[in-house]
Every structure is written in C-alpha cells, then in structure tokens.
1. Of the residues A141, A127, which is assigned by TED's automatic domain parsing to the domain that holds T220 and under 30 Å from P257 (Cβ atoms)?
2. Do we have any residue at all in the stretch 303-316 that's at pLDDT 95 or above, out of contact with any helix residue (DSSP H, G or I) (no Cβ under 8 Å at 6 or more places or on another chain) and under 24 Å from S364 (Cα atoms)?
3. Of a type in the set (G, A, S) and modelled with pLDDT of 95 or more, is that true of A233?
4. Looking only at the stretch 224-234, how many residues end up being buried (at least 22 other Cβ atoms within 10 Å of the Cβ) and not small (G, A, S)?
5. From A293, A212, which residue is small (G, A, S) and closer than 21 Å to A402 by Cα?
6. Can you give me the number of residues within the stretch 246-272 that are over 15 Å from the mean Cα position of the chain (by Cα) and modelled with pLDDT of 90 or more?
7. Can you tell me which residue in the stretch 137-176 is nearest to R191 (Cα to Cα), limited to those that are among the aliphatic types (A, V, I, L, M) and out of contact with any helix residue (DSSP H, G or I) (no Cβ under 7 Å at 6 or more places or on another chain)?
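The values are calculated or read from the model by the stated rules, or taken from the named source; none is laboratory data. No experiment lies behind these values; they were computed from the predicted model shown. Cβ atoms come from the backbone with ideal geometry, glycine included; neighbour counts cover every protein chain shown.
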Amino acid sequence: MKIHEYQARDLLSAFGIPVPAGQTITNPNDAAKVYTDITTQSGSTLAVIKAQVFAGGRGKAGFVKLVNSAAEATVAADFMLSNKMVSAQTGKDGLDVNTLLIAAGVDIANRPPNAQGQSVPDEYYLAITTDRNTRRNTLIASREGGVEIEQVAHDTPELIFKQPINPQIGLQPYQANEIAFKLGFKGKQVRQAATIMLKLSELYHAKDCSLAEINPLIVTDPTDTYPDGQVIAIDAKFNFDDNGLFRHKDIVALADPNEQDPREVEADKHGMSYIALDGNIGCLVNGAGLAMATMDTIKLFDGEPANFLDVGGSATEEAVTEAFRIILSDNAVNGILVNIFGGIMRCDIIAQGIVNAAKSIGFSVPLVVRLEGTNVEAGRKILEDAAADLPTLQAAADLGDAAQKVVAAVG
C-alpha cells in the first residue's frame, strides 16, 4: 500500500522528524488563503505547490511549482487541478490530480564549490527498506539527494552507504552517527541527521513499512536558532507491507481509492489479488506461484498476459464469477486462461463453478481451462459436457497445452 506525500510528511512529523509546514487543498479557490496562512507561519513569501499523485516526474511535468504570491498560488493550483499530469511514469493518458500540497518554501544551503567551481544544494537521500540478500532491513543513505537514487547506484555506487539493521536491537546511535559523518554532516548537523535516521527506523518498524524514503533530506541556510543550519525532510515516500495492515487501521484509513486501479479495489473486496498488465490474455489462477508460472508459460508460447489474478485456495463459484467480471472489464482481453489446482476444493466442484460462472456472465472470448488435482477426471468431463452450451470453452490437458491453445485462440 502507498500513501501520498502529504500523508508521509504527517507521519514523519508524528515521529519527531522536522518537516516544513504544509496544508492540502482540493479546490483552486482555496489556494490564496492557504498560501497566506503558510507563508505567515514561515515568515517567508516562498511556498511550493505539489500535485499529490502516485507517480514521479512531477517537476518536469509542471506539477511542482514555486510561488511567491497568493495570485501565483491560485494560477498554479488552477492549472494542476484542471489538467492531467503526464510524465514518464504515468503513460500517455496521464493521471487526474485531485489534491495539492501547499508547503512552506525553505532556503537550502549550498555546498562549497567543487573542483569545477560548481556549488550545488546541500541535499541528501535517506531510506530504509529490506535487503533480500542479507535478509535484513537496511538503512540506505547518499550525499546525492534530490535525484533518482537508481541512477546514482548505477553511475557512482561508491556514493551510497548501507547499514544493515539488527532485527532484535534495531538501528543503534553509533551506526547513525557513523553514517552522518560519512555523508559529510558537520557540527550540530551530525546529531540532527543521526536523530532523524533513528526516528525513521523507529517509524519503519512501528508501521510495518516496506519502504520509508526521504528524498531530499536537506540542510537549511544558517539562522539564529540553527547557526549550522537545520536538517529537515522536505519530501517523503512510504510503502507498507499489505500483510501487516491488519495491525494498522490508521494506515489503512489513508488509502486513496482514486489512485488505485478500480479492478484491484474490487478484487481486494473479494479476497483476491489482481494486478493489471499490458497483454491480451486474462489469467485466472489459484495460488500466487501458480499464477506466476502461468504467465511465464503464456510468454513462453509468445503470448502476453493481461493480468495477474490469484483467486485464493478455495476458488469458489462466487470468487470465479467475480474474477471473470474483473478480467473482462479490461477491453484489451481477447481470451482467458483458467489454471486451477484442485487441492482444498475438488476439481469437479471447481469445474461446475467455472461453467456456471461462464454461463451467467456470457462469454464472447475464448476460454481455455486447465484443471489438475483431486477428482480431475470428473472435472474435465463436466467441462467437455458444457462445451455445447459454451462454444468458446476449451479444456486443456496440461499447462503447456492450455497456454498454446489460448495463444492460438487470440491470434
């Protein structure tokens, strides 16, 4: 599960990590008042307006704007809420923007000029995620903040520091201090940065995150209160482990259905897992591993899966019916492959459920069914007998046979 940036900032603040003041709006007519409130609080005329969508590339698409007046804020808000955001991550159709974050601008300190005489903003990358190689949650930090961390990892991996986190005692202060020194923090900045790392680790574990990212973490220009500059987070991203959400009703309440595929939402209501893909062959399978194998086999025979859909171990008639409806709601689907292993539920019961579901929905695209498991012969007999009433239905002997048949049927 993902949340928006403004929600991520609220989480950071709740765990004691400093962030600039901000408010959200959904109507451009509210931009002027919120801008005035924010800038009065910050004591600066600079504010930033950001579209709240689950996609990157907002700045290049014109959906992150720096403004210096209430009038500029209104113009920027009107543009963002009236247009789809199109970036490399959204596809050509773009995304609707329903919410904007208006936040106080900050004066980011500049680093001393480098050998080429260039001076860049003092920005850092900070994140915690799970390292599958070490099987531990890991703190990742880089002096190259404000840019794509994947590019940094590819071009200059030596600029990325990693600190595995002990699962029993968590991130330790000396480890956070060591990373802060490696990043080049000076004076009181070291303690500020290390404290943020420790609090981010605490947040990550407390909320069952799969990713907690601050990018960028910045140092502000010196002030009377912070003569060395203040270390603060000005953008954040969080992903949460779906398997842990039952412990966090507060996080579940942050979900934005407008930013989710309606088919994924509908599948979740019925206890199924659905992910849309770009192909034209719908997949209905019981079991995540079997679903992955099914998609791989379709690809092996030069087909393109249109989705990942796991109906769960029981594969009841109700679940199958809803799964068919969800798959067929994708206009790109030209055929469906059903691959069911009858373990908990017998194949004859599953077959009858598939037939009943297909008849109730009505099929105009090829439907290929492969069954294996308990009472498989009885199940195949049911499918064969139903073929007269369901001319698009074909039974398959095994997965390879099923994949070849459905690929041939969709052309």
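1. So the residue among A141, A127 that is assigned by TED's automatic domain parsing to the domain that holds T220 and under 30 Å from P257 (Cβ atoms) is A127.
2. Checked against the condition, which is being at pLDDT 95 or above, out of contact with any helix residue (DSSP H, G or I) (no Cβ under 8 Å at 6 or more places or on another chain) and under 24 Å from S364 (Cα atoms), the stretch 303-316 yields no hits at all.
3. Criteria met by A233.
4. Within the stretch 224-234, residues that are buried (at least 22 other Cβ atoms within 10 Å of the Cβ) and not small (G, A, S) number 2.
5. Residue meeting the stated conditions: A293.
6. 6
7. So, considering only residues that are among the aliphatic types (A, V, I, L, M) and out of contact with any helix residue (DSSP H, G or I) (no Cβ under 7 Å at 6 or more places or on another chain), the one nearest to R191 (Cα to Cα) is I140.
To keep it simple, each residue is scored yes or no on (1) buried (at least 20 other Cβ atoms within 10 Å of the Cβ); (2) over 19 Å from the mean Cα position of the chain (by Cα).
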| site | (1), (2) |
| --- | --- |
| Q175 | no, yes |
| F181 | no, yes |
| K186 | no, yes |
| R191 | no, yes |
| I196 | yes, yes |
| C209 | yes, no |
| I214 | yes, no |
| V219 | yes, yes |
| P222 | no, yes |
